[in-house]
Amino acid sequence: MSFKKLYILVFTLLLTAVVSAQNIELIATVSKSKLGVHQRFRIEFKVNKQGADDFQLPELKDFDVIAGPSSSISQSWVNGKVTYSQGYIYILKPKKVGVFTIPSAVIEYKGKTIKSNTVRVTVLHESEVPKDPNDPGYIASENVHLVTEISNANPYVGEGIYVVYKLYFSNQVGLSGDWRVKEIPQYNGFWNQDIEQKREDVKSVNYKGEEYRYLILKKALLIPQKSGKLIIDPINMDITVNVPTGRGDFFGNAITRRVNHATTSKSRSIQVKQLPLEGKPLNFTGAVGEFNYHVSSSKEVLKSNETTQLSVQVSGKGNLKLFELPKIETPSELEVYTPEHTENVKTTLKGLSGKIVDNYTVVPEFKGKYKIPSTSFSYFSLRDEQYHTITSDPIIINVAEGKALPNETNVAEVDTTLKQQVKISANNFRYIQTSTEFEPNITVDFFKSNLFYTLLFLPFIAIPIGIFVGNKKAKRDGDLVGKRLRKADKLARKYLSQAKKKLGKKEAFYIALEKALHNFLKAKLNIETSEISKEKITELLQDRTIDEATIKEFIEVLDDCDFARYTPTTNVMMQQEFDKAKMVITKIDKQL
């Protein structure tokens, strides 16, 4: 063995001996022990022994792990002393203000469990954190702002307002395009719908007296459902910001540094006004806006068993999806089906606009003229803050051909004979007959009469009939599939009835409605509950030649039953779901 190899071997043995002589330690350190609630900090766990593994991070219930783990290894020899360390590094962000203790981390070394020290971190409000003008995080926080803008802070119940979330950033910094919405705002007490938007270019604006640029992140239409104070929650985002370092490259271009910056908008409160009670019509169902009302018939002259469509339509601008249309009443001689509800509504920042229609199919049975009474629709106008009522004209349906109406029950005629004065004459008294021609009343004996023979042979006739009916009932009871289908159909009607009774109780209503839909499928498609899935339903309905629009509506009702249990809903929305379920069941039943 050469001298050089011997020297390396001795050096390695000495190095190993020195390193092994050290006591193993796991030490936790943080980059900041005092920081703001939206700032981040680094925590590092260092172990001074090689061979330690199975590192376990402590539970961090008061912090979010933004990045990590990353590791670092260092080894040095200084003045005959060998040092070794391996680090596990994480980037954390506090969830709230307070004083928190980070528990001990754990690592395994030669079968022993080694724990780190605990670390105490104080989280303050942003205003309490000392500001370093050169700190990249401070520069990002001063030049990037997330703003919530609302169109009206004092609307009426049912009046649409919009909310827009904008990201402002100054000309001193840049955005890398890497951002993530961490917490989506909740709109408790509002009916809400996001407004689809195309990707917009960055626009320049004067913000707080300085030149800024901004991007629109989210738009939503809100319609308050109750009066009083309502809160629009903030939006919370993580953004990557390009912050200048104050240095330039070879060509004189500014060198920037990428900084992960967490920002949140401020919550906004609005004060919702109750609709006035004075002048409120009895038939008012919550319509707020500017509307037109129209009732029409597709045909007013027809034959019996021909159909005509009665259309009840409300058009205009306002909360079109949140009120009920007036119901029409028809004479009992006209057969009327459950109306088909259609909506053609557009959502913009200006609110909901379009029309909603209920189409009634009417089938007359007898000829004659029938009057559809006039109906009225009431709404609250935001233009003059008054209630308005629109009344439709009555509609006359003339059935020119067909069967005549059955005769009404005869009414006793009124005797219109005039009373006259009795006149006395000489011949007032006439001859009184004293003889009679009465014949004796001959009573027929019961024996051998028609009634006698009828009662005699009645048991012989009833017995075969009873046997036939009994066989039919036994066959019906033995038909397990048919019995199950009849039971499912009965349950569908039962649960629809239960769902109607549960209107206003969200959980119970949607459970009953979903059960009704499932039992309807079992009755009509001969499938078990375990087989029911959206794909299976679609496939079976397509095989039965049900049109695609009706299948889609049925699947949407099932989806609404699933989602509505976990989202805010109103009595009006539940009534709409019930009517929609009845409509789609009726349509499928007719097509089958």
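Worth a mention:
- Of the criteria (1) of a type in the set (D, E, K, R); (2) crowded, with 17+ Cβ neighbours inside 10 Å; (3) assigned to a strand (DSSP E or B), which one Glu335 fails: (2)
- The residues on offer are Thr338, Thr348, and the sole one that is at negative phi and in contact with an Asp or Glu (Cβ under 9 Å, 6 or more places away or on another chain) is Thr338.
- Screening Thr308, Thr330 for residues that are polar (S, T, N, Q), surrounded by 14 or more Cβ atoms within 10 Å (Cβ to Cβ), modelled with pLDDT under 90 and in contact with a Lys or Arg (Cβ under 6 Å, 6 or more places away or on another chain) leaves exactly one candidate, Thr308.
- Matching option when the condition is at pLDDT 85 or above and under 33 Å from the mean Cα position of the chain (by Cα), among Ser151, Ser104, Ser116: Ser151
- Residues of region 157-174 include at least one that is in a strand (DSSP E or B) and at pLDDT below 80.
- Condition check for Pro58: part of a loop (DSSP other than H, G, I, E, B), of a type outside the set (Ser, Thr, Tyr) and out of contact with any Lys or Arg (no Cβ under 8 Å at 6 or more places or on another chain): yes
- Taken together, the residues in region 518-560 that are at pLDDT below 75, hydrophobic (A, V, I, L, M, F, W, C) and closer than 25 Å to Lys506 by Cβ amount to 1.
- Some residue of region 471-487 being assigned by TED's automatic domain parsing to the domain that holds Glu556, surrounded by 10 or more Cβ atoms within 10 Å (Cβ to Cβ) and either at pLDDT 70 or above or over 60 Å from the mean Cα position of the chain (by Cα) (or both): no
- Residue match in region 201-221 (condition: more than 30 Å from Gln271 (Cα to Cα) and at pLDDT below 75): yes
- Selection within region 190-200: residues that are surrounded by 10 or more Cβ atoms within 10 Å (Cβ to Cβ) and assigned to a loop (DSSP other than H, G, I, E, B). The member of this set that is modelled with the highest pLDDT is Ile195.
The values are calculated or read from the model by the stated rules, or taken from the named source; none is laboratory data. All values derive from a computational prediction rather than experimental measurement. When we count neighbours, we look across all protein chains shown, and the Cβ atoms used for this are built from the backbone with ideal geometry, even at glycine.
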